[in-house]
1. Identify the chymotrypsin sites (Phe, Trp or Tyr not before Pro) of segment 137-188 meeting these criteria: DSSP loop state and at most 12 other C-beta atoms within 10 Å of the C-beta.
2. Please compute the length gained on full extension between Glu253 and Ala179, using 0.36 nm multiplied by the number of residues separating them and subtracting their Cα-Cα distance.
3. For segment 126-395, just say rounded, prolate or oblate: build the C-alpha gyration tensor, square-root its eigenvalues into a ≥ b ≥ c, call rounded for a/c under 1.5, and beyond that prolate if a/b exceeds b/c, oblate if not.
4. Tabulate in residue order the Karplus-calculated ³J(HN,Hα) for segment 368-383, using 6.51 cos²θ - 1.76 cosθ + 1.60 with θ = phi - 60°, rounded to whole Hz; enter x for Gly and Pro.
5. Looking at segment 189-225, which trypsin sites (Lys or Arg not before Pro) are in a loop (DSSP not H, G, I, E or B) and have at most 16 other Cβ atoms within 10 Å?
6. Rounded to the nearest Å, what's the spacing between the alpha carbon centres of segment 130-185 and segment 201-250? Just the number, please.
7. Multiplying the sequence separation of Asp273 and Gln110 by 0.36 nm and subtracting their Cα-Cα distance, what value in nm do you get?
8. So for Met133, Met215, Met159, fewest C-beta neighbours within 10 Å to most, what's the order?
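Read-outs: derived from the displayed coordinates by stated rules, not from any lab. Computed from a prediction, not measured in an experiment: that's the story for all the values here. Ideal geometry is used to build each Cβ from the backbone, glycine not excepted, and the neighbour counts take in all protein chains shown.
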Amino acid sequence: MSVSALNLSTARWARGRAVIVTAIGTLFAGSLVSTPVLVAQSSEKAPTQSTGQSSTKPSTKSPTSKAGTSTKRAKGTKKSTKSSKKAKPSTATADTGKAPRKPTGALGPQAGDRHLAFKNTGSDLDSLWPPAMPAPLPGSILPSKRIIAFYGNPRSVRMGILGEFAPDEMLRKLDAEVAEWNRLDPKTPVQPALHLIAVVAAGDKGFDGKYRNRMDSTLIEKVYGWAKSRNAIMFLDVQVGLSTLQEELPRLERFLKRPDVHLGIDPEFSMKDGTRPGKKIGTYDAADINYASRYLAELVEKNKLPPKVLVIHRFTQRGVTNAKSIRLDPKVQIVMHMDGFGPPSLKRDSYYSYIKKEPVQFAGWKQFTKAKNDKPTTPRSEILRLWPVPLYIQVQ
C-alpha cells in the first residue's frame, strides 16, 4: 500500500534572498519523487561580514536537497567592498584575560588566505580550541579519526549522494572519498559512514499532524548492510517537524543500541511554535541537545557500548540557542556541524561565526558534490586549513 508523503525542502536563506522550498514528493512502493512547491521570502536579515555574522544553506530546488528536505546555503552578507574589512576582535579574550590582538585576517570573498576561519590569521578565537572536554574513553572515534559521511535517503535522488546513485556506485564513490582524505591527512585516519535521514520533515501533516515521515525498518536495515560492507558506521538523522526528540528517539532505540549506529539531529526542522516545516527555520535549545546526549549516554551505560557520536546540523546561529549550556559527557561525542552551501568564502564566514566563535566539542563541515550548490566546491586542502580542523565531513 502506498503512503503519501511530502518531504519538503526548507528555508535556506542567503543574503536576504527568497528561499526556495521544494517538496520531495509522494512515497509509492518505496520511491520518492520530488516536485517544487513554493517560494518563501526570508525574514531573517543577514548580518554584515565585518562582524563575522554569516550562515549557510541551500534550496532544494537545487539537486542537492537536504535530507528529506532542504538543501542548505551559506547565509552571507551584503555584496559590498565592506565584506573584506578586517573583523572586529572577538570578545573571547575577556574569558582568557589576555589582551586582545588586532586581527591580521579578514572575512568575506576578498579575505583569501587571510580568512579568520583559518588558523594563525590573527583571530583570538584560535585560543578557544580545543575547548575543555572529557578525555576520550576507550572505543571513542574522535579525535583520533575523521568521519567521512555520505548523507541522504535511498528513496530520493535529491536528498543527497546516499540516494543519488545505485548502491554499488555510491559505495565506490565513498571508497574514493575515504582514500583521498587519507592521502591528504594520513595522521587522521578516516572512519567511513553512511548518514541516513531516518525521520524526514514533511509538507503534509500526516495521520497525527506532526509533519514528519518515519522510514521503515526495512530501509534502515538495508542502509546498515551497505555500511557494514565497508566497515562503515551509520548515522540515523532526525528531522522532527512538529514532533519532538522525546517522541522520536525511543522508536530508533533498537538501532541506536548497536555499537556502530550513531545519531544526527537537525534544528532546522524542529518547529517548536507549530509552524509547518518549510515556512521558517526551526531551532533547538541546549536543553534539547542535552536530552539527546543523555539519551545516548544511558544507552551506552546500559548496553556497555563504546561512546556515541551526536551530530547537530547548524545552519544558522539562531538554529542552536544557549550553546554555552550544552553539557559534555565522555559517553557522547558532540559534533557541531556547519551545514549549508555556497562559495568557499561564504561557508568559511559561517564556520567562523557560529562554529569557531562558539566552541562546544568537535567541529563538522558540509560538502556538496555539485558545483552549482557550493559554487565551487571547497577544496579538501582548504578545509584542512580551518581551525578547528573539522573531524566530521558530511558529503551531500
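1. Working: sites: Phe150, Tyr151, Phe165, Trp181; in loops: Phe165.
Loop-located and lightly packed - none at all.
2. Working: separation 74, 0.36 × 74 = 26.64 nm, distance 3.21 nm.
Once the chain is fully extended between Glu253 and Ala179, it gains 23.4 nm.
3. Numbers: a/c = 1.16, a/b = 1.12, b/c = 1.04.
Rounded.
4. Along segment 368-383, the couplings run 8, 8, 9, 4, 5, 8, 9, 6, x, 4, 5, x, 4, 4, 6, 4 Hz.
5. Details: sites: Lys205, Lys210, Arg212, Arg214, Lys222; in loops: Lys205, Lys210.
In loop regions of segment 189-225 (DSSP not H, G, I, E or B), the sparsely surrounded trypsin sites (Lys or Arg not before Pro) are Lys205.
6. Rounded to whole Å, the Cα centres lie 18 Å apart.
7. Numbers: separation 163, 0.36 × 163 = 58.68 nm, distance 3.92 nm.
Stretched out fully, the Asp273 to Gln110 stretch lengthens by 54.8 nm.
8. By the 10 Å Cβ count, ascending, the order reads Met133, Met215, Met159.
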